[in-house]
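The values are calculated or read from the model by the stated rules, or taken from the named source; none is laboratory data. On a predicted model such as this, the values are computed, not experimentally measured, just so you know. Ideal geometry is used to build each Cβ from the backbone, glycine not excepted, and the neighbour counts take in all protein chains shown.
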Amino acid sequence: MQSFTINKSIGLSGIGLHSGVNSNIILKPAKINSGIYFNRTDKDKIIPAQWNNVISTKFSTNIGKDDVEVKTVEHILSALAGLHINNCEISIDNIEVPILDGSSKIFVEEIQKVGVLEQSNKQNILEILKPIKFKCDYGYAELLPNENNQEGLNINLESFFEGKYEDQNIKVTNLNGNYVDSISKARTFGFFHEIEYLKSQNLIKGGSLDNAIVIKDCKPINKEGLRYENELMRHKVLDVVGDLYLSGYPIVGTYKGFKTGHFITNNLLKELFKSEDNYLIHKIH
């Protein structure tokens, strides 16, 4: 697979889900081997989108360097991963990536409008060679080598919503080929009875029914309803794709998880990179 960047710069503005601050971002074309990186223009600081720059995973994935932070990076990284873009600068003038509509749909659509630029070199992929697992007291995730009949990234998730919503499972095969239609429109979600707690934790200051699904009595209270029958699970897949892209590569393998989230996926990447025997980085010919 070739390397890709975007054809020309894209500007977007909006409110941050948790901070409530307004941010302006500009996605910019980047040179070969640049990778994905954030440029906090107000702080004159470059922060590569890498797993080892993650500083917090409380209700979002937040990266930082030298006391400069960018919050809620998972949706924009998910869009870039879904479109196979591996070189891109994301300039941002505040602390949090705009939540927009709560999915990666707008990022995807704006990139599709300007188009992607094929670059002269092939991009590396990270192939899972050995099973890797991380578990905590409420859930787990693992990365497994693909079976012979599997290609790309495959994601199998199980949920347990503790009676707050219908428990669901989801299996997405070869996500590298069907991200835009099957995943990108799925919005972030929360439960009505947890809103006051989240606000007490200084979170969701920018949250609204315009950028999140809110579940009450096992149903969404959003007037327009759901975009997919299993939109909550598809959004969890969207988050996993973004969090896994912090590996620095498209992953070829199978991700399985139960009640997984940002904390579990980031710790799974830490386990993965503990030994070079766990993976192989190479080009697909």
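For the reader, a short list of remarks on this structure follows.
- Top-ranked residue in the stretch 2-14 [being small (G, A, S) and not in a loop (DSSP other than H, G, I, E, B); ranked as surrounded by the most Cβ atoms within 10 Å (Cβ to Cβ)]: S3
- Of all residues in the stretch 38-54 being buried (at least 17 other Cβ atoms within 10 Å of the Cβ) and among the β-branched types (V, I, T), the one that is nearest to D93 (Cα to Cα): I47
- Long-range neighbours under 7 Å by Cβ, at least six apart or interchain, first residue under 27 Å from N33 (Cα atoms) and touching a residue at least 24 places away in the same chain (Cβ under 8 Å) within the stretch 123-145, second of a type in the set (F, W, Y) and surrounded by fewer than 21 Cβ atoms within 10 Å (Cβ to Cβ): N124/Y249; I125/Y249; L126/Y249
- Qualifying residue in the stretch 216-231 (condition: under 17 Å from the mean Cα position of the chain (by Cα) and either touching a residue at least 24 places away in the same chain (Cβ under 8 Å) or within 17 Å of S78 (Cα to Cα) (or both)): yes
- Long-range neighbours under 6 Å by Cβ, at least six apart or interchain, first residue assigned by TED's automatic domain parsing to the domain that holds G225 within the stretch 178-203, second surrounded by fewer than 11 Cβ atoms within 10 Å (Cβ to Cβ): none
- Comparison of I99, I111 shows that the only residue that is of a type outside the set (G, A, S), in a helix (DSSP H, G or I) and closer than 22 Å to L238 by Cβ is I111.
- Single match in N202, N174, N230, N178 (criterion: surrounded by 16 or more Cβ atoms within 10 Å (Cβ to Cβ) and either within 18 Å of D101 (Cα to Cα) or modelled with pLDDT under 95 (or both)): N230
- Residue in the stretch 79-96 that is surrounded by the fewest Cβ atoms within 10 Å (Cβ to Cβ), counting only those that are assigned to a strand (DSSP E or B) and acidic (D, E): E89
- Single match in I76, I47 (criterion: outside any loop (DSSP other than H, G, I, E, B) and either among the polar types (S, T, N, Q) or under 21 Å from R187 (Cα atoms) (or both)): I76
- The stretch 15-30: number of residues that are aliphatic (A, V, I, L, M) and not in a strand (DSSP E or B): 3
- Summed over the stretch 140-155, residues that are under 17 Å from T260 (Cα atoms) and polar (S, T, N, Q) total 1.
- Here V70 meets each of (1) free of Cβ contacts under 8 Å to residues at least 60 places away in the same chain; (2) hydrophobic (A, V, I, L, M, F, W, C); (3) within 25 Å of I284 (Cα to Cα) with one exception, condition (3).
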